[in-house]
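K.L.:
Encoded as structure tokens, here's the structure I'll be asking about.
The values are calculated or read from the model by the stated rules, or taken from the named source; none is laboratory data. Just so we're clear, the structure is a prediction, and the values are computed from it rather than from any experiment. Cβ placement follows ideal geometry from the backbone for every residue including glycine, while neighbour counts extend to all protein chains displayed. Note: areas computed on protein heavy atoms with side chains; ligands, DNA, RNA excluded. Shrake-Rupley method; radii C 1.70, N 1.55, O 1.52, S 1.80 Å.
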Amino acid sequence: MTHKRSAGLLLFRRTGPEAESRVEVLLGHMGGPLWAGREAGGWAIPKGEYGPEETPRDAARREFTEEIGLPPPEGTYLPLGEVRLTSGKLVTIWAVEADLDPALMVPGTFSMEWPPHSGNVQDFPELDKVAWFAPTLAQNMLIPSQLPFLERLLGLLKV
């Protein structure tokens, strides 16, 4: 059985005066009715699935554009490695330092039957909002399966 693969980009920025530099990460709140009203554990690194015809890094850049609606940032891509989810899906993430205004986001959409078994198909944003978070708050907001990527980034940045 071949498991699905997913790739994404975790943006980070440094804020404050040089001596007091803080790090913030950009997360997206998952869209759709299943995540509505759920803050803690309802935010994620922008990512998505890809097939064998695409490299993980190319997929991460494409998915960033699809989910955020903006081109992926240029810069040095720091590999944060892979995590295998309990479903078997393999997730690969890169971090890149960049600043982005969350107000510029134009989210991609997905369709699903809602309410369940109603026959009514609706479109929902993949991410309904994006925001910058300090690492301590990001740890509470991020879906648990993606926490290793945040921890790896903080280790690389020695935060």
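K.L.:
If only one of PRO144, PRO125, PRO135 is under 30 Å from GLY16 (Cβ atoms), open to solvent by less than 60 Å² (accessible area, probe 1.4 Å) and of a type outside the set (Phe, Trp, Tyr), which one is it? Spell out how you get there, then give the answer.
P.N.:
On the way: PRO144 fails: open to solvent by less than 60 Å² (accessible area, probe 1.4 Å); PRO125 fails: under 30 Å from GLY16 (Cβ atoms).
The conditions single out PRO135.
K.L.:
Out of curiosity, is LEU137 among the hydrophobic types (A, V, I, L, M, F, W, C), closer than 23 Å to GLY41 by Cα and touching an Asp or Glu at 6+ places or on another chain (Cβ under 7 Å)?
P.N.:
Values: among the hydrophobic types (A, V, I, L, M, F, W, C): yes; closer than 23 Å to GLY41 by Cα: yes; touching an Asp or Glu at 6+ places or on another chain (Cβ under 7 Å): no.
Considered against the rule, which asks whether it is among the hydrophobic types (A, V, I, L, M, F, W, C), closer than 23 Å to GLY41 by Cα and touching an Asp or Glu at 6+ places or on another chain (Cβ under 7 Å), LEU137 comes out as no.
K.L.:
For residues that are more than 21 Å from LEU156 (Cα to Cα) and of a type in the set (S, T, N, Q), scanning just region 43-96, find the one that is surrounded by the fewest Cβ atoms within 10 Å (Cβ to Cβ).
P.N.:
Taking the candidates together, the pick is THR86.
K.L.:
Counting only residues that are in a strand (DSSP E or B) and of a type in the set (Asp, Glu), which one in region 58-112 is nearest to LEU27 (Cα to Cα)? Quick ask: steps written out before the conclusion?
P.N.:
Keep residues of region 58-112 that are in a strand (DSSP E or B), which gives 77-84, 90-97, 109-112.
Next, from what is left, pick out any that are of a type in the set (Asp, Glu): 82, 97.
Working: GLU82: 18, GLU97: 14 Å.
Per the stated criteria, the residue is GLU97.
K.L.:
Could you look through region 97-121, keep only residues that are open to solvent by less than 50 Å² (accessible area, probe 1.4 Å) and of a type in the set (A, V, I, L, M), and pick out the one that is nearest to LEU150 (Cα to Cα)? Quick ask: steps written out before the conclusion?
P.N.:
As a first pass, look at region 97-121 and keep what is open to solvent by less than 50 Å² (accessible area, probe 1.4 Å): 98, 100, 102, 105, 107-108, 112.
Then keep just the ones that are of a type in the set (A, V, I, L, M); that gives 98, 100, 105, 112.
Values: ALA98: 16, LEU100: 18, MET105: 22, MET112: 30 Å.
It comes out as ALA98.
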